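Down below is the structure, laid out as structure tokens.
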Amino acid sequence: MAVRPSERPSAPAIELAGVSKTYPGTSAPAVDDLTLAIEPGTITTLLGPSGCGKTTTLRLIAGFERPDAGSIELAGVTVAGPGAWVAPERRGIGMVFQEHALFPHLDVSRNVGFNLRGRERDRRVAEVLDVVGLSGFARRMPHELSGGQQQRVALARALAHEPVVVLFDEPFSSLDADLRVHMRAEMRRILTGTGTTAVFVSHDQSDALAISDRIVVMREGRIEQQGSPREIYQFPHTRFVADFVGRTNLLTGRIGADASSIDTDLGAIACRHTHDLPPGTPVVVSVRADSLELDAEGPVRGRIKETTYTGRSIDAVVEVELAEGRTADLMVHAHPEQVVECGDEVRFRVLPDFVAVIADGDASAAACRACPPAEPTR
Ligand code: ADP
Ligand code: MG
């Protein structure tokens, strides 16, 4: 049976239950007991470092790999699992790869209409070219298009089949910085406008934050955390997520008498992150650079060690003196109007907005550290 979008409207577009996959000749599973539901009409990004199993997860969904265990449903139809198998071409899936994989000898219209049959074909090709803003380009050859236009053709080709879901594997990584920012806004506009369910794979946190309704952070074949971009960035649950998604400062501390306060080497820090840890519990705290505000009246003293002017902010490394002669380097974002120079003695305060409590922390680790080091100052 082929999968169609309307199969079971209330079902998740994609549902993985306990899916595992180990490649022959390897010992560690590429995907390890993955359970995940993706709602129709949403954009999800599988985000994680190289080798964490993102592409394998996409290939399992697409049917290019078979799971060793677990089951996969698309729009309520079991496509892989004990005794069940639907071939890739019958799963109703569109794919867009990093290299746009257009047929070089076919024009845009033929690339988009490839595999479409019947009288509806021309109408559908015109419709999806209009959706991606390439109406006047039907007769162009792929080599006559820019990288961004080629990518839109690849998307049009995927949309032409009215897929249940479109899968994208690192689609922005071959684009230069400006085009990348433009294309992810453009993709998001097209996908939301057409109500398409989309799953992206990326190792780039800024792509993931910009394009997604939901981010699934993966590590070693497993899900480390999932949530909205804001939840993932603002309240990472583990050190791994805090470090991987944006840079952060990690401090050790203990939950204070009141749950919204944490005692750290920098003093008592207020946080808005809700948790149910009892007072006194040792924790690691992630404090984003955005949560440290230079302020002449602030309670914490430090000395500027490095500054990087980015246009939008001044990223400063501030050396802070702690108890017993220890020091720590913290990343602080200053407003670009501020005058901040190496060697300056400064004061700052900790704002509660980007303070996250990480319960998995090994609290006996270094009492306070910043991570990772700032890029060199030009
Ligand atoms: P990602 O896309 O996150 O970089 P992959 O899903 O490609 O990760 O790979 C996950 C793990 O599986 C890695 O350790 C990788 O080396 C391994 N792997 C991927 N494809 C194969 C394959 N065809 N044969 C053997 N091992 C593979
Ligand atoms: Mg990959």
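The values are calculated or read from the model by the stated rules, or taken from the named source; none is laboratory data. Quick caveat, the model's predicted, so the values are computed rather than measured. Ideal geometry is used to build each Cβ from the backbone, glycine not excepted, and the neighbour counts take in all protein chains shown. Please note that ligands, DNA and RNA were not included when accessible areas were found on the heavy atoms of the full protein model with its side chains. Shrake-Rupley method; radii C 1.70, N 1.55, O 1.52, S 1.80 Å.
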Take the conditions of a type in the set (Lys, Arg) and either more than 9 Å from ligand 1 (Cβ to nearest atom) or within 24 Å of residue 228 (Cα to Cα) (or both) and apply them to residue 21. Does it pass? no
Is one or more of the residues making up region 134-143 open to solvent by less than 10 Å² (accessible area, probe 1.4 Å) and not in a loop (DSSP other than H, G, I, E, B)? no
For region 37-52, how many residues are open to solvent by 10 Å² or more (accessible area, probe 1.4 Å) and either in contact with a Lys or Arg (Cβ under 8 Å, 6 or more places away or on another chain) or more than 16 Å from ligand 2 (Cβ to nearest atom) (or both)? 6
Given the conditions (1) under 26 Å from residue 221 (Cβ atoms); (2) open to solvent by less than 10 Å² (accessible area, probe 1.4 Å); (3) away from ligand 1 (no atom under 16 Å from the Cβ), which single one is not true for residue 87? (2)
Only one of (1) within 23 Å of residue 201 (Cβ to Cβ); (2) at pLDDT below 90 fails for residue 128. Which number is that? (2)
Candidates 323, 289, 316, 296, filtered to the one that is hydrophobic (A, V, I, L, M, F, W, C) and either without any contact (Cβ under 8 Å) to a residue 24 or more places away in the chain or within 19 Å of residue 236 (Cβ to Cβ) (or both): 289
Of all residues in region 27-36 being part of a loop (DSSP other than H, G, I, E, B) and either modelled with pLDDT of 95 or more or open to solvent by less than 70 Å² (accessible area, probe 1.4 Å) (or both), the one that is nearest to ligand 1 (Cβ to nearest atom): 30
Residue satisfying condition, being at pLDDT 50 or above and more than 22 Å from the chain's Cα centre (by Cα), within set 336, 376: 336
Just checking, does region 183-197 include any residue being within 16 Å of ligand 1 (Cβ to nearest atom) and open to solvent by less than 10 Å² (accessible area, probe 1.4 Å)? no
Identify all residues within region 50-65 that are assigned to a helix (DSSP H, G or I) and more than 6 Å from ligand 1 (Cβ to nearest atom); write none if there are none. 57, 58, 59, 60, 61, 62
Of everything in region 144-169 that's open to solvent by less than 10 Å² (accessible area, probe 1.4 Å) and within 16 Å of ligand 1 (Cβ to nearest atom), which residue is farthest from the chain's Cα centre (by Cα)? 167
What strands (runs of 3 or more DSSP E), lying completely within region 321-362, carry at least 1 residues that are touching an Asp or Glu at 6+ places or on another chain (Cβ under 8 Å) and of a type in the set (Lys, Arg)? 345-350
